[in-house]
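Values in this text are rule-based calculations from the coordinates and carry no lab data. Just so it is clear, the structure is predicted and the values come from calculations on it, not from any experiment. Don't worry about glycine lacking a Cβ; one is built from the backbone with ideal geometry, like all the others, and counts go over all protein chains shown.
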Amino acid sequence: MNLIYDYDLNDLQNYLLDNGLKAFRAKQIFKWLYEKRVSTFDEMSDISKDLKAKLKEDFYFGNLEVVKRQISKDGTQKFLFKLSDGCLVESVLMVFDYGFSACLSSQVGCNMGCTFCASGLLKKQRDLSCGEIVLQALSIQRVLDENDNRLGNIVLMGTGEPFDNYDNVMKALSIINDPFGLQIGARHISVSTCGIVPMIRKFALEDKQYNLAVSLHAPNNELRSKLMPINKAYPLEELFSALKDYASSNNRRLTFEYLLLKDINDSKKEADELKNLLSGLNAYVNLIPYNEVSENDYHTASAENALRFYDLLKKNNVAVTLRQKKGDDIDAACGQLRANNLK
Ligand code: SAH
């Protein structure tokens, strides 16, 4: 038995052909899966009885069970989903003025070991399959369906390192983007990485207009290596060399995530270094307020320091936003809900 959401259109066409069936049925099936969003084969009314029976033999739907759902005052909703083997993953639905956005997880736990992050508290148990990533988006779309709303944006910024599960993530995104799939435009899809250089180079060759976000969090190697062990493997020189190549081949703007941590990376010195590091790049900096995690000793930068940091970048013509905290009355930090649930 295979998870039906692990199959992209091409896989499904091949499956049909291998079984002596017509390839065009794949598009019909996709329509049921992603447009009508049914969760049984019996609901697929224009599919023959025989084909339904065959599909039932070979595939299951694997719908995610909602173990916990938290709704914040600002509309943010956090879901803790149970996978078919019992593993738990988190996804977040956010409401922006430009529409609804889902933040998806790519792995169960994470091995990147960023010292400020709750996801790393529990080492990676396994990668998510393509279908398990798609199912997070689909489950959130089903919640939005209750009010006839449409999911318009996807960010791969939940638990896990998407580039440590590259193939499954890319396949899931192709289903999410597919005109017969969830139909979310590539420019509305972002992948966030801690900076796995060979995969950034691979991503640059993808024939898609996805956005790339890089979790930077520090403007020099000494500090970045302390916060993010990945920096020891791929220091800033290598990271920026890959990013420059990416930017020149894709002509796309890069997003940099920068968490403001009190007395760690929030002074004028780091703001100056950051501005220099980004000079000449078509970059956009997202300054993120830190969601405090009880297991470590990092704190959110003061509003005063955050503003000074923001102003300094702004004055130097760096495109920058100081992100509002979303869902801070719920367990909205990466991995927080899952970690708290397993305690
Ligand atoms: N591994 C990928 C994607 C998952 S983390 C990456 O590193 O980009 C998604 C983002 O949330 C990253 O920028 C991460 O550094 C940030 N993050 C982690 N813990 C956080 C916390 N407690 N508060 C705010 N942001 C956090």
Order of 215-222, 27-34 by packing, highest average Cβ count within 10 Å first?
215-222, 27-34
Would you grab the residues whose amide H sits under 5 Å from the one on residue 2? Only those 5+ places off in sequence or on another chain, please, with H modelled 1.01 Å from N.
59, 60
Unit charges on C-beta of K, R, D, E only; dipole of the stretch 14-115, Debye
160
Express as a percent, rounded to the nearest 5, the fraction of DSSP beta bridges in the chain (both residues included) that run antiparallel.
45
The equivalent-ellipsoid semi-axes of the stretch 2-60, taken as the square roots of five times the Cα gyration tensor eigenvalues and listed largest first in whole Å, are 15, 13, 11
When the Karplus curve 6.51 cos²θ - 1.76 cosθ + 1.60 is applied with θ = phi - 60°, which whole-Hz ³J(HN,Hα) does each residue of the stretch 150-157 get, with x for Gly and Pro?
10, 6, x, 9, 10, 10, 8, 9
Filter 52/78; 208/275; 78/171; 73/226 down to the pairs with a C-alpha to C-alpha distance above 31 Å, please.
52/78; 73/226
Sorting 105, 66, 154 by the position of each Cα along the dipole of the stretch 65-342 (Lys, Arg +1; Asp, Glu -1; all at Cβ), the one nearest the positive end of that ordering is 154
What is the extension gain from residue 315 to residue 98, computed as 0.36 nm multiplied by their sequence separation minus the C-alpha to C-alpha distance, in nm to one decimal?
75.5 nm
Dipole of the stretch 65-342 [Lys/Arg +1, Asp/Glu -1 at C-beta], most positive-end residue of 182, 291, 219
219
Scaled to the compact-protein estimate 2.2 N^0.38 Å, what is the alpha-carbon radius of gyration of the chain, rounded to two decimal places?
1.03
Starting from the Cα of residue 14, step 7 Å along the direction of its Cβ; do the same at residue 303; then give the gap between the two resulting points in nm.
5.6
Extension length gain for residue 324 and residue 82 (0.36 nm per residue less Cα distance), in nm, is 84.2 nm
Nonlocal amide H pairs with residue 320, under 5 Å, H built at 1.01 Å:
285
Value of [θ]222 nm, deg cm²/dmol, for the chain, DSSP H segments ≥ 4, -39500 (n - 2.57) each, nearest 500
-10000 deg cm²/dmol
What is the set of long-range amide H partners of residue 192 at a cut-off below 5 Å, with H atoms built 1.01 Å from backbone N?
156, 213
Using label points projected 7 Å from each Cα along Cα→Cβ, tell me how many nm separate residue 23 and residue 272, to one decimal.
6.2
Under the Kirkwood approximation applied to all pairs of distinct alpha-carbon atoms, what is the hydrodynamic radius of the stretch 56-103 in Å?
12.3
In nanometres, what is the gap between the two model label sites at residue 207 and residue 262, each 7 Å from Cα along Cα-to-Cβ?
5.2
